[in-house]
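The values are calculated or read from the model by the stated rules, or taken from the named source; none is laboratory data. Everything numeric here is computed off the predicted structure, so don't read it as measured data. Methodologically, a virtual Cβ is constructed for each residue, glycine included, from the backbone with ideal geometry; neighbour enumeration extends over all protein chains shown. For the accessible areas, the whole protein counts, side chains as well, though only heavy atoms, and no ligand, DNA or RNA atoms are used. Shrake-Rupley method; radii C 1.70, N 1.55, O 1.52, S 1.80 Å.
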Amino acid sequence: MTDLLKLSGVHTHIGRYHILQGIDLTVPQGQVTMLLGRNGAGKTTTLRTIMGLWQASSGEISLGSERIESRATPDIARLGVGYVPESMAVFSDLTVKENLVLAARDGPLDDSQLDWIFGFFPALRRFWLSRAGSLSGGQKQMLSIARAIIEPRKLLLIDEPTKGLAPAIVMALIECLKEIKRKGATILLVEQNFFAARELGDNVLVMDNGTIVHRGEMAALAADVPLQERLLGLSLEAHQ
Amino acid sequence: MTELAATDPLPKPKRDIAPVLLPVALALLVIPLIGSTSSWLTLTAASLAMGMMIFIMASGLTLVFGLMDVLNFGHGAFIAVGAYVATLVLAPFAASIQADSLWMNLAVLAPAALLSMAVSGALGLVVERVLILPVYGQHLKQILMTTGGLIVAEQTLYALWGPQIIPMPLPTSLRGSFILGDVAIAKYRVLAMLIGLAVFIAIQLVLNRTKLGLLIRAGVENREMVEALGYRIRRLFLGVFMTGSALAGLGGVMWALYREQVHASMSDDLTVLIFIVVIIGGLGSIGGCFIGAILVAMVANYGGFLVPKLALVSNILLMVAVLMWRPRGLYAVTSR
Ligand SMILES: Nc1ncnc2c1ncn2[C@@H]1O[C@H](COP(=O)(O)OP(=O)(O)OP(=O)(O)O)[C@@H](O)[C@H]1O
Ligand SMILES: [Mg+2]
């Protein structure tokens with residue numbers, strides 16, 4: 001199994017704070033890798049550093065055969081990385097359609113791809129010409145995910161996508177991510193929802209205090225409640 | 001689920017029209033204070049004309065603030081440079097300007113304005129690369145650099161053209177007024193209104209109907225996310241900066257013709273008004289800038305007529321009042 005993404009010895013400082021303190025991780029091609037950890041562990045900072053939104057102060061980040069740690073964010077995106085930030089960051093002054101038009105940077109919107117997305121998130125069709133700012137939190141989340149998958153991407157970095165979603169939509173989202181995986185995408189997913197993590201994850205990384213404290217198979221962690229309690233402070237069951 | 005959704009009515013996007021009503025309300029409110037209808041109409045026309053010129057000058061600045069969070073205190077330089085460059089065309093062709101033929105006047109005026117825009121825009125390119133790029137993200141240094149740039153520009157204009165005020169007479173066909181009953185509205189004011197309106201519509205079309213415009217609006221709201229979608233926002237910013245500089249140059253020509261004179265520090269008073277417009281409009285909002293410019297011009301004109309002693313502070317008071325109502329300006333479009 002080749003690794004699509006590889007971080008070695010990555011440190012990130014934000015102002016005076018030393019947040020990432022030597023991250024080593026790999027994300028295997030074609031798999032879903034979960035990134036878990038307590039609040040403040042550094043999960044979001046890790047995704048932002050990969051995306052070039054924070055500059056790594058030392059260490060190496062490679063995507064396939066490319067070194068990306070000192071590339072600018074737009075260049076990293078153009079290598080085929082889609083990003084769904086924790087804050088969703090939909091453009092609230094633009095309509096749902098306009099948000100997706102911008103996300104489809106390689107050309108006009110593709111109808112069959114759109115229908116496929118509407119199948120998972122029917123609300124997006126309904127609010128197609130509404131301002132994204134008028135959507136509910138969950139609908140914004142759907143739009144933010146739709147933006148990352150409107151065109152095929154090699155690697156998706158997704159930060160807590162199920163936060164604030166109703167159970168039915170969480171199911172749709174899980175189906176959607178599974179299908180994206182079947183289509184060949186590789187996903188690095190930050191997720192606290194145990195059900196989603198167990199359903200989707202092939203591998204798991206657990207972070208604490210800016211380092212990776214556990215790496216292994218998701219199924220193994222899901223079966224080992226004492227390990228969950230040691231790593232995450234409480235069992236994954238209790239997380240939902 | 002999809003079928004049920006499709007039959008649901010589409011919620012109408014809400015439009016925030018309260019700010020639009022503000023200048024209308026202000027204009028109606030002063031009618032009884034001014035008393036005479038013809039004075040009121042004249043003052044209102046003057047306000048709209050002046051407002052449009054200020055809008056043209058301020059529109060680029062608000063996008064620069066909103067898009068890149070860059071504090072440009074040197075925007076006035078583009079206004080002065082635009083006006084001076086126009087004299088290069090207008091002075092040698094003074095005969096055509098004095099001719100009583102609209103077409104002959106325009107045949108000189110239009111190239112003069114276009115040359116001013118080209119030179120101001122090119123100067124914008126240099127300023128962005130040389131003064132702003134190195135201090136990107138550092139507000140204090142931006143203020144120092146751009147203020148320094150403004151001083152250098154003004155002194156260069158003095159050195160090249162001398163300290164005297166240069167007359168810039170209005171073309172003959174644009175002198176005089178349209179007479180409607182007992183109301184006279186200066187022709188040049190009507191022209192200024194039309195040009196301002198055309199610029200406003202053109203900017204709105206670009207911002208709302210083109211992908212480039214969508215990117216600018218998205219960038220004003222969240223520049224990081226635009227980059228994360230794979231767009232190089234620095235290039236976009238350079239384009240906006242140059243366009244804004246060119247528009248400031250156009251505004252400079254129009255203002256100089258309005259005042260019928262050019263001097264190197266002509267933009268100093270205007271700059272204060274432009275900053276007030278950008279702040280009360282909401283950083284990065286073209287609609288807010290448009291309304292703000294009309295409000296500022298109305299306060300200057302009505303205020304100057306009613307309480308001349310308060311002319312200086314009246315626009316500061318306007319700013320305070322608007323910010324008390326909406327602390328981030330009439331339309332808050334940035335996420336900062
Ligand atoms: N802009 C910032 N300035 C200063 N410190 C920051 C900034 N962003 C994050 N941090 C700090 O970095 C640490 C890691 O934050 P991060 O957002 O990566 O955590 P997280 O694992 O994503 O947490 P959560 O589960 O709550 O989203 C925290 O201690 C946080 O306070
Ligand atoms: Mg986080």
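Please specify each residue of the stretch A:90-105 satisfying the condition of being open to solvent by 10 Å² or more (accessible area, probe 1.4 Å) and within 7 Å of chain B (Cβ to nearest Cβ). Lay out the reasoning, then the answer.
If we filter the stretch A:90-105 for residues that are open to solvent by 10 Å² or more (accessible area, probe 1.4 Å), which is where we start, we get A:90, A:92-93, A:95, A:97-98, A:101, A:105.
A:SER92, A:ASP93, A:GLU98, A:VAL101, A:ARG105 - these are the residues of the stretch A:90-105 that are open to solvent by 10 Å² or more (accessible area, probe 1.4 Å) and within 7 Å of chain B (Cβ to nearest Cβ).
Assess whether A:ALA41 counts as being under 22 Å from A:LEU205 (Cβ atoms) and assigned to a loop (DSSP other than H, G, I, E, B).
Numbers: under 22 Å from A:LEU205 (Cβ atoms): yes; assigned to a loop (DSSP other than H, G, I, E, B): yes.
Yes; evaluated as a whole, the condition is true for this residue.
Could you please let me know if A:TRP116 is in contact with a Ser or Thr (Cβ under 9 Å, 6 or more places away or on another chain) and more than 9 Å from every other protein chain (Cβ to nearest Cβ)?
Working: in contact with a Ser or Thr (Cβ under 9 Å, 6 or more places away or on another chain): no; more than 9 Å from every other protein chain (Cβ to nearest Cβ): yes.
Considered against the rule, which asks whether it is in contact with a Ser or Thr (Cβ under 9 Å, 6 or more places away or on another chain) and more than 9 Å from every other protein chain (Cβ to nearest Cβ), A:TRP116 comes out as no.
Please determine whether any residue of the stretch A:153-163 is in contact with a Pro (Cβ under 6 Å, 6 or more places away or on another chain), within 14 Å of chain B (Cβ to nearest Cβ) and within 16 Å of ligand 2 (Cβ to nearest atom). Before you say what the answer is, go through the steps one by one.
Kept after step one, since they are in contact with a Pro (Cβ under 6 Å, 6 or more places away or on another chain), are these residues of the stretch A:153-163: A:159.
Filter once more, keeping what is within 14 Å of chain B (Cβ to nearest Cβ): A:159.
Adding the requirement that they be within 16 Å of ligand 2 (Cβ to nearest atom) leaves A:159.
So far as the stretch A:153-163 goes, yes, one or more of its residues are in contact with a Pro (Cβ under 6 Å, 6 or more places away or on another chain), within 14 Å of chain B (Cβ to nearest Cβ) and within 16 Å of ligand 2 (Cβ to nearest atom).
Out of A:ALA146, A:ALA123, I need the residue that is away from ligand 2 (no atom under 16 Å from the Cβ) and more than 9 Å from chain B (Cβ to nearest Cβ). Which one?
Working: A:ALA123 fails: more than 9 Å from chain B (Cβ to nearest Cβ).
That would be A:ALA146, the only listed residue that is away from ligand 2 (no atom under 16 Å from the Cβ) and more than 9 Å from chain B (Cβ to nearest Cβ).
Does the stretch A:133-150 hold any residues that are hydroxyl-bearing (Ser, Thr, Tyr) and surrounded by fewer than 23 Cβ atoms within 10 Å (Cβ to Cβ), and which are they? Walk me through how you get there before you give the answer.
At the first step, the residues of the stretch A:133-150 found to be hydroxyl-bearing (Ser, Thr, Tyr) are A:134, A:136, A:144.
Across the stretch A:133-150, the qualifying residues are A:SER134, A:SER136.
Give me the residue from the stretch A:38-81 that is within 16 Å of ligand 2 (Cβ to nearest atom) and more than 15 Å from the chain's Cα centre (by Cα) and, out of that set, surrounded by the fewest Cβ atoms within 10 Å (Cβ to Cβ). Spell out how you get there, then give the answer.
From the stretch A:38-81, those within 16 Å of ligand 2 (Cβ to nearest atom) are A:38-51, A:53-54; that's our starting set.
Those still in the list that are more than 15 Å from the chain's Cα centre (by Cα) too: A:38-41, A:54.
Working: A:ARG38: 16, A:ASN39: 8, A:GLY40: 13, A:ALA41: 22, A:TRP54: 18.
Step by step, filter the stretch A:38-81, then rank; the result is A:ASN39.
Under 7 Å between Cβ atoms, which residue pairs at least 6 apart in sequence (or on different chains) link something in the stretch B:157-185 that is free of Cβ contacts under 8 Å to residues at least 12 places away in the same chain with a partner that is outside any helix (DSSP H, G or I) and surrounded by 14 or more Cβ atoms within 10 Å (Cβ to Cβ)?
If the second residue must be outside any helix (DSSP H, G or I) and surrounded by 14 or more Cβ atoms within 10 Å (Cβ to Cβ), the pairs left are B:SER177/B:ALA184; B:SER177/B:ILE185; B:SER177/B:ALA186.
Please pick out the residue among B:LEU160, B:LEU170 that is more than 14 Å from chain A (Cβ to nearest Cβ), among the aliphatic types (A, V, I, L, M), closer than 24 Å to B:ILE97 by Cβ and exposed (fewer than 12 other Cβ atoms within 10 Å of the Cβ).
B:LEU160
With the requirement that a residue be modelled with pLDDT under 90 and not in a helix (DSSP H, G or I), what does the stretch A:122-151 give you?
Selection gives A:SER136 alone.
Looking only at helices (runs of 4 or more DSSP H) that lie completely in the stretch A:158-227, which have at least 2 residues being under 25 Å from A:PRO122 (Cβ atoms)? It would help to see each step written out before you state the result.
Details: elements: A:167-182, A:194-200, A:218-223.
In the stretch A:158-227, the matching helices (runs of 4 or more DSSP H) lie at A:167-182, A:194-200.
Inspect the stretch A:16-23 for any residue being over 23 Å from A:GLU191 (Cα atoms), of a type in the set (Lys, Arg) and away from ligand 1 (no atom under 11 Å from the Cβ) and give the result as yes or no.
Here is the first cut: in the stretch A:16-23, the residues over 23 Å from A:GLU191 (Cα atoms) are A:16-18.
After this cut, where a residue has to be of a type in the set (Lys, Arg) as well, the list is A:16.
Adding the requirement that they be away from ligand 1 (no atom under 11 Å from the Cβ) leaves none.
No, there is no match, as no residue in the stretch A:16-23 is over 23 Å from A:GLU191 (Cα atoms), of a type in the set (Lys, Arg) and away from ligand 1 (no atom under 11 Å from the Cβ).
Which one is surrounded by the fewest Cβ atoms within 10 Å (Cβ to Cβ), of the residues in the stretch A:151-195 that are under 20 Å from A:GLN29 (Cα atoms) and within 16 Å of ligand 1 (Cβ to nearest atom)?
In this case the residue turns out to be A:ASP159.
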